[in-house]
1. Among the basic types (Lys, Arg), part of a helix (DSSP H, G or I) and at pLDDT 90 or above: which single residue out of Arg61, Arg10 fits that description?
2. Which one of these does Phe97 not meet: (1) over 14 Å from Ala55 (Cα atoms); (2) surrounded by fewer than 20 Cβ atoms within 10 Å (Cβ to Cβ)?
3. With the requirement that a residue be open to solvent by less than 40 Å² (accessible area, probe 1.4 Å) and part of a helix (DSSP H, G or I), what does region 182-195 give you?
4. Out of everything in region 190-216 that is acidic (Asp, Glu) and modelled with pLDDT of 50 or more, what residue ends up being nearest to Ala84 (Cα to Cα)?
5. For region 134-167, give me each residue that is assigned to a loop (DSSP other than H, G, I, E, B) and crowded, with 18+ Cβ neighbours inside 10 Å.
6. So if I check each of Val121, Val104, Val91, which one is in contact with a Leu (Cβ under 8 Å, 6 or more places away or on another chain), surrounded by fewer than 18 Cβ atoms within 10 Å (Cβ to Cβ) and either in contact (Cβ under 8 Å) with a residue 60 or more places away in the chain or basic (Lys, Arg) (or both)?
7. Quick check on this structure: which one of Pro92, Pro127 is modelled with pLDDT under 95, farther than 23 Å from Gly162 by Cβ and outside any loop (DSSP other than H, G, I, E, B)?
8. If you scan region 107-118, which residues turn out to be open to solvent by 80 Å² or more (accessible area, probe 1.4 Å) and either free of Cβ contacts under 8 Å to residues at least 24 places away in the same chain or part of a loop (DSSP other than H, G, I, E, B) (or both)?
Amino acid sequence: MKPLDALRGRLVAVPAAVRRRSRDAASRSRILADARALSPDIPRAADAGHLIRAARRLVRRAAQDEFAREGVTQVRLPEEMGRAELRRADVPGEASFQAFVEDVLSALDIAPTVLERDDAVELAAAPTSADGYGLSPEVAADLASYLLSRAFELDEECSDVGEFFDAQAQRIREDVRAALVRQVKVPLELKVARDRHRRIETGEPDAENFASPVGGPGDADATDEERQGFGQRAQAAYDFAQSEAGRATFGALRTGAEKAYEKYGKGEGRAGGTGSGAKR
């Protein structure tokens, strides 16, 4: 091949390589955008491992929520929740606890999914998917399967989807079993679960006693439906504030407020000052 022809061939190959890398980058961005639509805490520069861990957390949390929802009444628990009492009671060895764990595990169908982005977001927001405790284990498994499907798309080392999902399903089931055993062995975790059950079943936060100065869901004339909606929004606001995304949001707001104070608190923006706010 003549030198000129070889050079021409290399020049033709360069745009093809660039286009291939561009397609890969665009595909990766699309996959991560799909995953972040469901779980905004996933980093923008995430890899497959981030998505796998998000899926595992989702199911583990749903299992803990299910324990607070049903387990605290179905499992035989000691009256006292001290470490010594829990050790003597050996709750993990109780037949009632083992039956509860198996019920939760049977609800977890971790498998390749045909859910698209809009479907997953709609499922997560559906009123039949969650209650005051959180997502049901079944829905959590569906959403985890969605995240794992996106993770498989990002994983450049694994080519067998069946093998990938079998391994992830096994790990998730081990996670859930370990989380539930810990729930009945650690006094503080058991106390939190019992307290959550009591609060939710009795309707706390107590919207009935909330007096709004401008009327609204907590007003004396509010309907039961409005009061219930207020309680749900209050719980949702609390949960958001405790989440990673919520802390990031409030941190950004605080930073913005500090900058505004630095700018305007020193006279800028006041009448007679040098800032633009002094102009009329």
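1. Arg61
2. Only one criterion in (1) over 14 Å from Ala55 (Cα atoms); (2) surrounded by fewer than 20 Cβ atoms within 10 Å (Cβ to Cβ) is unmet by Phe97, namely (2).
3. Gln183, Pro187, Leu190, Ala193
4. Top of the filtered list is Asp195.
5. Scanning region 134-167 gives Gly134, Ser136.
6. Val121 is the lone residue from the list that is in contact with a Leu (Cβ under 8 Å, 6 or more places away or on another chain), surrounded by fewer than 18 Cβ atoms within 10 Å (Cβ to Cβ) and either in contact (Cβ under 8 Å) with a residue 60 or more places away in the chain or basic (Lys, Arg) (or both).
7. Matching residue, one of Pro92, Pro127: Pro92.
8. Correct list: Asp109, Pro112, Val114, Glu116, Asp118.
The values are calculated or read from the model by the stated rules, or taken from the named source; none is laboratory data. Predicted model only: the values in this text are computed from it and were never measured. Here Cβ is always computed from backbone atoms with ideal geometry, including for glycine, and neighbour counts include all displayed protein chains. Accessible surface areas use protein heavy atoms only, side chains included; no ligands, DNA or RNA. Shrake-Rupley method; radii C 1.70, N 1.55, O 1.52, S 1.80 Å.
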